[in-house]
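Computed from the coordinates by the stated procedures, all read-outs in this text should not be read as laboratory data. Predicted, not measured: the structure shown is a model, and the values here were computed from it. Glycine also receives a Cβ, built like all others from the backbone with ideal geometry; neighbour counts cover every protein chain displayed.
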Amino acid sequence: MPSSNTTSKAMRDEALAFHANGKPGKLEVRATKPLTTARELSLAYSPGVAEPCLEIEKSPERAYDYTSKGNMVAVISNGTSVLGLGNLGALA
C-alpha cells in the first residue's frame, strides 16, 4: 500500500498537471448567439438589447428567458480562507 506521502505527492503532481494543461483556468465564456454580422451584433447589443431590458422591467421573471440568470453561479473570494488553507491572497 502506498504511503500517504507518496499518495500526496502523486495527487499534488496530478493536480498541478491538470490545472496547467491546455488553456489556463477551468471555465471560459462563449457566445450563445451568432455574433458574426453587424445585424447580429446590433441585436445582441445596442440598440437590440433595449427590448429584452424593457420586457424584464415590465416582468422581472422574463430575465430567465432573456439573460443567463438561472444558468450561472458566482464564486467570490478575497483569498483569505481558501479551502481551509488560510490567507493565500486574492491570486489563489
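Farthest toward the dipole's positive end in the chain, which of Ser4, Pro34, Ala15, given Cβ charges of +1 (Lys, Arg) and -1 (Asp, Glu) about the Cα centre?
Ser4
Compute the distribution of all C-alpha to C-alpha distances in the chain, in bins of 5 Å from 0, and list the percent of pairs in each, rounded to whole numbers.
Taking every Cα pair in the chain, the percentages come to 2, 9, 10, 13, 14, 11, 10, 10, 8, 5, 3, 2, 1.
List the relative contact order of the chain as a percent without decimals, with contacts defined as Cα pairs under 8 Å and 6+ residues apart.
Numbers: 32 pairs, mean separation 8.3, N = 92.
Value for the chain: 9 percent.
For region 69-76, take each phi angle, set θ = phi - 60°, evaluate the Karplus expression 6.51 cos²θ - 1.76 cosθ + 1.60, and give the result in whole Hz per residue in order, putting x for glycine and proline.
So the J values, rounded to whole Hz, are 4, x, 10, 9, 10, 10, 10, 10.
For Ser81 and Ser42, what does the FRET efficiency come to when R0 = 41 Å and r is the distance between their Cβ atoms, rounded to the nearest 0.05? Provide the component values of the computation, followed by the final result.
On the way: r = 45 Å, r/R0 = 1.09.
Efficiency, rounded to the nearest 0.05: 0.35.
Could you work out how far apart the two model spin labels at Ser59 and Ala20 are, taking each label as a point 7 Å from the Cα in the direction of the beta carbon, and quote it in nm?
A separation of 5.3 nm, rounded to one decimal place.
Show me the trypsin sites (Lys or Arg not before Pro) within region 12-79 that DSSP assigns to loop and that have at most 13 other Cβ atoms within 10 Å of their Cβ.
On the way: sites: Arg12, Lys26, Arg30, Arg39, Lys58, Arg62, Lys69; in loops: Lys26, Arg30, Lys69.
Within region 12-79, the qualifying trypsin sites (Lys or Arg not before Pro) (loop, at most 13 other Cβ atoms within 10 Å) are Lys26, Arg30, Lys69.
Taking the Cβ of each residue in Ile56, Ile76 as the centre, tally the other Cβ atoms inside 10 Å and list the residues starting with the fewest. Don't jump to the answer; show the numbers that get you there.
On the way: Ile56 17, Ile76 4.
Ordered by Cβ neighbours within 10 Å, fewest first: Ile76, Ile56.
With a ≥ b ≥ c the root eigenvalues of the C-alpha gyration tensor of region 34-73, is it rounded (a/c under 1.5), prolate (a/b larger than b/c) or oblate?
Details: a/c = 3.78, a/b = 1.50, b/c = 2.52.
Oblate, because a/c is 1.5 or more while a/b does not exceed b/c.
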